[in-house]
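Participant: Take a look at this one; I'll ask things after.
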Amino acid sequence: MKYAAIIVGLALSLPVIAQSGGDEASAWKALNAAIPSNTFEANGRITRDTRRTDSEVLKAVEKALPKTRGTSAEPVALYYHGSYLFRADRFQEALNVFEDMKKRFPDHGLCKSAPKHSSLVDDAIADCRSEMAIRAKYKIVRLPHAVLNDKIKAIFHTSLGDFEAQFYTNVAPKTVANFKKLIEEGLYNDTYFHRVWSFRRIVGGSPNTKNRDRRDDDQGTLSYDLPLELSDALQTAGAISMVGLGNGRASGCMFTICVHDQPQLNNTAAVFGRVTKGLEIVRLISQQRTDDDNNPYDHVMLRSVEWIE
Amino acid sequence: MSRSPLFQLLLVLAAAILFVPSLLGQVRKERRERTEPTPIRKPDDPTTVKGTWIVGGTRHEITAGEFYELHQLLQKLEGTAQRTIPEDAVWEFLLSAAEAQSFGLNVTEGELDSLLNRDDPDLYEGVLARWEAEGISKEKGIDYVRKRQAINKLKNLLLNTDRITTQDAFDFFKKEHLLYKIGYLAFRAADHIEEVKQGDISDSAIKKYWSENRAVPQRFRSPSKVWAEFVFLDPNTFQKAKVGTEPRKLTREEALDFFHKNKQMLMAQIPPDKQHLLHFDENTPLEKVVSPFELLRDKIDQMLMLDQVLTTARKEADEKGADLAAIAAKYGLGYKKVEDCDRAFALTELRPFGFNIFTALFNAEVGSLSEGILQQGQIRYFFRLNKKKDSYLPSLDEVKDQVREMFITSKATELARKEAYGLMNAMNVKAAAELAEQEKRLTAEAEAAAADRIRELGLTRPQDKNREKMLARGRMRRELEQAKRDILPKYLDEAMAEKGLKLQETDYFEYQMARAADIQRAQAKTAEEFLQSNFYIRSLKPGQVAPAVIDDNISKCFYIAKLLDVKDPPFESMGPVDAMQARARIAQLAQNAFSRRFRLPELRDRLALVIKN
């Protein structure tokens with residue numbers, strides 16, 4: 001009887017123990033391990049911790065949440081949870097989390113407004129409502145997330161040195177496949193970068209450069225063009241894209257590589273790869289002396305391109 | 001004393017060496033004096049309240065004594081002998097830590113263990129010993145570490161949880177894509193052509209126009225031209241050149257001679273990955289020591305052999321009537337032909353052969369080859385001049401009709417310009433008269449503001465005072481400019497009513513897209529296209545008139561423009577790429593501004609800080 005009572009008592013208290021979470025130390029430990037840990041230097045420079053994606057952090061925070069229950073870490077964990085739900089486009093769930101925080105922790109610093117400023121949670125609730133309202137009114141299209149495929153790469157051998165690139169096969173499969181085909185056929189061998197803008201970008205891949213007559217370099221096209229496979233990869237330093245033709249299509253062979261941010265290209269050319277090694281060679285190519293049409297006086301040759309898979 | 005120039009120069013140099021460093025030192029000292037923070041002194045009465053702030057709905061305060069102690073602690077832990085921790089930094093530490101605490105960002109003992117290496121007794125003892133040497137107690141040291149870590153947690157919290165909404169993205173996007181509507185008056189040269197034709201366009205008027213305007217005859221000058229052919233060897237393509245079935249063996253002396261004559265060009269061809277072989281020291285084994293000549297030997301042999309090919313080709317080309325294209329093809333060399341080529345064309349097309357190639361061509365004898373093999377950079381070549389034509393300036397009689405047309409257009413343009421500028425100047429004069437009182441008042445205010453600022457900053461150097469005065473005057477001028485733009489529309493309406501003119505209107509257009517579409521002035525076919533890309537438009541508020549006439553010298557038209565309306569673009573015009581770009585930009589700006597959140601001005605505002613003394 002005595003033992004039965006003990007067993008029943010334990011069984012009844014288990015849910016309570018489970019609900020009360022861990023102690024303070026382990027609660028904060030679990031939360032700290034879940035969230036990104038950025039570096040802040042004295043000169044104001046910030047290095048963001050990008051080891052995990054937002055969805056990975058969300059999963060980690062959700063895993064840590066039960067351990068924080070009933071501790072001082074819980075409101076902070078909930079705030080993180082709501083914010084990462086927002087980032088995952090789960091606005092209603094995020095709103096629920098923030099409103100629940102306000103009910104349960106009205107006196108917490110995260111929920112309490114300052115004399116002239118609203119609280120962080122109030123701002124978060126307003127953002128959720130704004131986002132939900134706008135999405136109810138308009139169709140919001142999100143571009144697919146580009147991820148570099150580290151199993152394939154191309155090595156460009158130029159007369160100024162070599163550089164390497166990897167490609168976004170998940171969002172630009174047709175463009176990457178076409179690029180691979182042209183490399184394997186040797187189309188880019190013995191061509192040159194026929195237009196360069198100092199410290200901004202370079203253009204190459206025109207088969208017309210093989211005749212060494214610069215007048216028709218820009219007209220180097222194939223019998224086909226390519227669709228624009230847009231993604232969230234932006235035209236920043238190292239971005240490789242096929243030259244845009246301005247009508248929602250891209251050149252079948254000519255490509256451009258950014259040395260520095262080129263936001264004006266974001267709508268007209270789709271990034272399908274990125275220079276991963278040797279960007280300084282690309283920068284050097286961009287610095288060649290040119291005429292008024294940005295044609296370099298001295299050709300920088302693209303001797304060959306190797307495709308490695 | 002000697003008055004020789006050399007002696008005087010030496011005197012000046014000596015003065016510079018003696019006085020300039022001390023002047024610079026004075027400048028540096030003044031700069032240091034101005035930027036170094038005031039040292040914090042021990043308070044006479046440590047119990048007085050130094051400052052109060054509100055965080056988490058609760059009012060906090062700190063006494064002067066506590067503030068001083070905190071400063072001393074931070075000076076020992078973060079300052080150096082050369083760097084005094086300023087008072088602002090103490091407030092920033094205090095308030096950021098208070099804010100972190102209000103957000104419940106606790107630092108556990110476990111975290112402190114890690115930060116202080118408490119699991120390693122030696123390291124921990126070292127930390128405590130350092131503190132003790134500085135006169136910092138263990139409790140105060142740990143409290144500092146706890147607060148610093150709490151501040152880091154606060155920074156992490158804010159950075160990790162930043163949100164960018166679609167509305168934020170659209171607010172950013174629309175700033176760059178506003179829609180503008182312009183009203184304009186166009187004063188066209190074409191409208192005055194008939195008027196000019198009714199006037200004096202006699203031969204004597206044309207002759208006077210021709211002789212008094214030197215640019216006019218030059219418009220008709222035809223430039224010198226050449227017809228030529230080039231045969232060249234480009235090292236980038238020399239793999240294709242045919243060396244010959246039985247290449248002659250080259251001697252080392254021949255190769256060395258070629259190396260010495262072309263050292264600069266050849267040395268530039270050593271590949272970057274082989275450059276390191278040229279550097280050696282006493283530890284380098286003898287067999288690994290290489291000379292540039294050895295590294296380049298193969299290239300030299302190849303170039304020499306190909307040079308011989310070029311020489312052989314030139315010998316064949318020297319025969320009268322030789323077909324250079326065929327000779328170049330026979331030996332696998334490059335070939336280029338230019339016809340009707342002027343200097344401008346040569347500068348682009350013949351650039352590989354040197355900047356002065358046109359002069360060399362023009363001075364050559366027609367029908368003959370250039371002297372020997374020429375070299376420009378890596379390219380070796382010879383040319384044949386087939387024909388040349390001197391520059392020609394026609395007489396007035398030969399081009400009289402065209403000059404008459406130019407004369408008429410020029411007069412008509414002048415009339416249109418006078419009309420436009422006359423109207424604008426009249427408006428500006430009236431506006432200036434109306435604003436005269438305001439200008440006097442603003443000038444006086446600017447001078448007073450500058451004097452206040454000079455006093456406040458304690459500036460003593462003339463250049464610093466002048467800079468403040470210039471800044472104040474600049475602000476005044478901008479305010480006056482805006483006031484002028486606000487009243488110009490009234491005078492434009494009056495002038496239009498008086499002259500019976502009416503504004504023409506454009507449709508709504510997007511300024512940014514007009515720029516992005518490169519509607520250059522030379523390509524603008526309509527007034528709308530031309531005005532859409534004009535920078536004045538963006539600087540105006542709705543209802544304002546551009547303060548200057550906008551000239552279109554290509555179409556010979558002069559505009560007075562008024563911005564009628566600006567409106568937001570439709571939400572649907574923001575595509576997914578635009579939204580993505582806007583978000584990236586907002587995130588970057590937020591990150592750049594992040595540290596300002598922890599600076600005193602923002603902390604003071606957010607936490608209602610009041611500093612008593």
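Participant: Taking springs between alpha-carbon atoms closer than 10 angstrom, which of A:R104, A:R289, A:R48 fluctuates most in the Gaussian network model of chain A?
Facilitator: Sorting by GNM fluctuation, first place goes to A:R48.
Participant: If you take each beta carbon of peptide B:572-579 and count the beta carbons of other chains within 10 angstrom, what is the mean? Before the final figure, lay out the partial values.
Facilitator: On the way: counts 2, 0, 2, 5, 9, 13, 3, 4.
Counting Cβ atoms of other protein chains within 10 Å of each residue's Cβ and averaging gives 5.
Participant: To continue, here is another question. Remind me, what semi-axes does the range A:29-84 give for its equivalent ellipsoid, largest first in whole Å, using sqrt of 5 times each Cα gyration tensor eigenvalue?
Facilitator: Values: eigenvalues 101, 36, 15 Å².
For the range A:29-84, the semi-axes come out at 22, 13, 9 Å.
Participant: Normalised radius of gyration for the protein assembly as shown, please: alpha carbon Rg relative to 2.2 N^0.38 Å, two decimal places.
Facilitator: On the way: Rg = 38.1 Å, N = 922, 2.2 N^0.38 = 29.4 Å.
Here the Cα radius of gyration is 1.29 times the empirical estimate.
Participant: Turning to a different aspect of this structure: Based on the mean of other Cβ atoms within 10 Å per residue, sort peptides B:456-466, B:422-432 so the most packed one is first.
Facilitator: Values: B:456-466: 11.9, B:422-432: 16.5.
Put in order of decreasing packing, that is B:422-432, B:456-466.
Participant: Can you pull the mean other chain C-beta count within 10 Å for peptide B:106-115?
Facilitator: Details: counts 8, 1, 10, 2, 6, 4, 0, 1, 1, 0.
For this peptide, the per-residue mean of nearby foreign Cβ atoms is 3.
Participant: Straight-line reach from B:K207: which lysines fall under 22 Å, measuring Cα to Cα and dropping same-chain residues less than 8 apart?
Facilitator: B:K197, B:K400, B:K411
Participant: What is the local net charge at B:W91, summed over the other residues whose Cβ is closer than 15 Å to its Cβ (Lys, Arg +1; Asp, Glu -1)? Don't skip to the end; give the middle numbers.
Facilitator: Values: positive: B:K50, B:K147, B:R596, B:R597, B:R599, B:R604, B:R606, B:K612; negative: B:E61, B:E66, B:E69, B:E78, B:E87, B:D88, B:E92, B:E99, B:E602, B:D605.
Value of the local net charge: -2.
Participant: Quote the relative contact order of chain B in percent (integer), defining contacts as alpha-carbon pairs under 8 Å separated by 6+ residues. Please report the intermediate quantities before stating the final value.
Facilitator: Numbers: 644 pairs, mean separation 143.4, N = 613.
Rounded, it is 23 percent for chain B.
Participant: Evaluate the Kirkwood expression for the hydrodynamic radius of the range A:108-180, namely the inverse of the mean inverse distance over all pairs of different C-alpha atoms, and round to one decimal in Å.
Facilitator: Details: mean 1/r = 0.0582 Å⁻¹.
It works out to 17.2 Å.
Participant: Just how large is the dipole of the range A:116-161 about the Cα centre, in debye to the nearest 20, putting +1 at every Lys and Arg Cβ and -1 at every Asp and Glu Cβ?
Facilitator: Values: 8 positive and 5 negative charges, 51 e Å.
So the magnitude is around 240 debye.
Participant: Return, for the Cα atoms of the range A:6-137, the radius of gyration and Dmax in Å, separated by a comma.
Facilitator: Calculated on Cα positions, Rg and Dmax stand at 17.2, 61 Å.
Participant: Tally Lys and Arg at +1 and Asp and Glu at -1 over the other residues with C-beta under 14 Å from the C-beta of B:G321: what net charge comes out?
Facilitator: -3
Participant: Could I ask something else about it? By average Cβ neighbour count within 10 Å, what is the ranking of A:298-308, A:167-177 from highest down?
Facilitator: Per-residue mean Cβ counts within 10 Å order the peptides as A:167-177, A:298-308.
Participant: Note down the Stokes-Einstein diffusion coefficient of the range B:556-613 in µm²/s, whole number, using a Kirkwood radius over alpha carbon pairs, 4 °C, and 1.567 mPa s. Display every interim value, and only then the final one.
Facilitator: Values: Rh = 16.4 Å.
Here the translational diffusion coefficient equals 79 µm²/s.
Participant: Kindly provide log₁₀ I(q)/I(0) values, in the same order as q = 0.16 Å⁻¹, from the Debye equation applied to equal alpha-carbon scatterers of the range A:149-308.
Facilitator: -0.82
Participant: Helix check for chain B. Which DSSP H runs span at least 24 Å along their own axis by Cα, with a mean Kyte-Doolittle hydropathy no less than 0.0? Can you show the working numbers first?
Facilitator: Working: long enough: B:5-35 (43 Å, 0.56); B:138-160 (33 Å, -0.91); B:292-317 (35 Å, -0.25); B:400-457 (71 Å, -0.50); B:462-499 (52 Å, -1.51); B:576-593 (25 Å, -0.16).
What comes out of the filter, once short or polar helices are dropped, is B:5-35.
Participant: Sticking with this structure for a sec: Give the distance, in whole Å, between the Cα centre of the range A:218-281 and the Cα centre of the range B:375-393.
Facilitator: Here the two parts' Cα centres lie 39 Å apart.
Participant: What does the net charge come to around A:D213 if you take all other residues with beta carbon closer than 10 Å to its beta carbon, with K and R at +1 and D and E at -1? Don't skip to the end; give the middle numbers.
Facilitator: Numbers: positive: A:K210, A:R212, A:R214, A:R215, B:K336; negative: A:D216, A:D217, B:E349.
Neighbourhood net charge equals +2.
Participant: Let me ask something additional. P(r) for chain A: what percent of alpha-carbon pairs falls in each 10 Å bin, starting at zero?
Facilitator: 6, 20, 23, 16, 15, 12, 6, 2, 1, 0, 0
Participant: So, by mean Cβ neighbours within 10 angstrom, what's the order for B:531-540, B:124-133, A:212-221 with the highest one leading? All intermediate terms of the calculation are to be shown ahead of the outcome.
Facilitator: On the way: B:531-540: 17.8, B:124-133: 13.3, A:212-221: 16.0.
So the order, starting with the most tightly packed, is B:531-540, A:212-221, B:124-133.
Participant: Towards the positive end of the charge dipole of chain A, with charges on Cβ (+1 Lys, Arg; -1 Asp, Glu), say which of A:T158, A:G82, A:A270 has the farthest Cα.
Facilitator: Result: A:G82.
Participant: Compare A:T290, A:T50, A:T68 in a GNM of chain A, Cα atoms joined below 10 Å, and give the one with the largest fluctuation.
Facilitator: Maximum fluctuation in the GNM of chain A, among the listed residues, is at A:T50.
Participant: Something else: Give the shape of chain B as rounded, prolate or oblate, defined through the alpha-carbon gyration tensor: a ≥ b ≥ c are the square roots of its eigenvalues, a/c under 1.5 means rounded, and otherwise the shape is prolate if a/b is larger than b/c and oblate if not. Mind showing how you got there, number by number?
Facilitator: Values: a/c = 2.25, a/b = 1.28, b/c = 1.77.
Here chain B falls in the oblate category.
Participant: Fewest Cβ neighbours within 10 Å first, please rank A:H81, B:H177 accordingly. Intermediate values should be presented prior to the final figure.
Facilitator: Details: A:H81 23, B:H177 18.
Final ranking by Cβ density, sparse to dense: B:H177, A:H81.
Participant: Of the cross-linked pairs B:K440/B:K567; A:K116/B:K50; B:K225/B:K263, which ones have a Cα-Cα span greater than 27 Å in the structure shown? Before the final figure, lay out each step's value.
Facilitator: Working: B:K440/B:K567 36 Å; A:K116/B:K50 23 Å; B:K225/B:K263 36 Å.
Pairs exceeding 27 Å: B:K440/B:K567; B:K225/B:K263.
Participant: Of the listed pairs B:K174/B:K490; A:K137/B:K175; A:K151/A:K277; B:K181/B:K490, which have alpha-carbon separations greater than 24 Å here?
Facilitator: Values: B:K174/B:K490 30 Å; A:K137/B:K175 21 Å; A:K151/A:K277 15 Å; B:K181/B:K490 19 Å.
From B:K174/B:K490; A:K137/B:K175; A:K151/A:K277; B:K181/B:K490, over 24 Å: B:K174/B:K490.
Participant: Averaged over its residues, how many other protein chain Cβ atoms are within 10 Å of peptide A:283-293's Cβ atoms?
Facilitator: Values: counts 0, 0, 0, 0, 0, 0, 1, 0, 4, 2, 1.
Mean inter-chain Cβ contacts per residue within 10 Å come to 1.
Participant: Related question: Under the rule of at least 5 residues apart or a separate chain, name every residue whose amide H is placed under 5 Å from the amide H of A:A233.
Facilitator: Correct list: A:A146.
Participant: Among B:Q264, B:H279, B:T161, pick out the residue whose Cα is farthest towards the positive end of the charge dipole of chain B, where Lys and Arg carry +1 and Asp and Glu carry -1 on C-beta, about the Cα centre.
Facilitator: B:Q264
We did not get these values from a lab; they are worked out from the coordinates using the rules stated. Computed from a predicted model, the values in this text were never measured in an experiment. Counting neighbours? That spans all protein chains shown, and the Cβs are built from the backbone with ideal geometry, glycine included.
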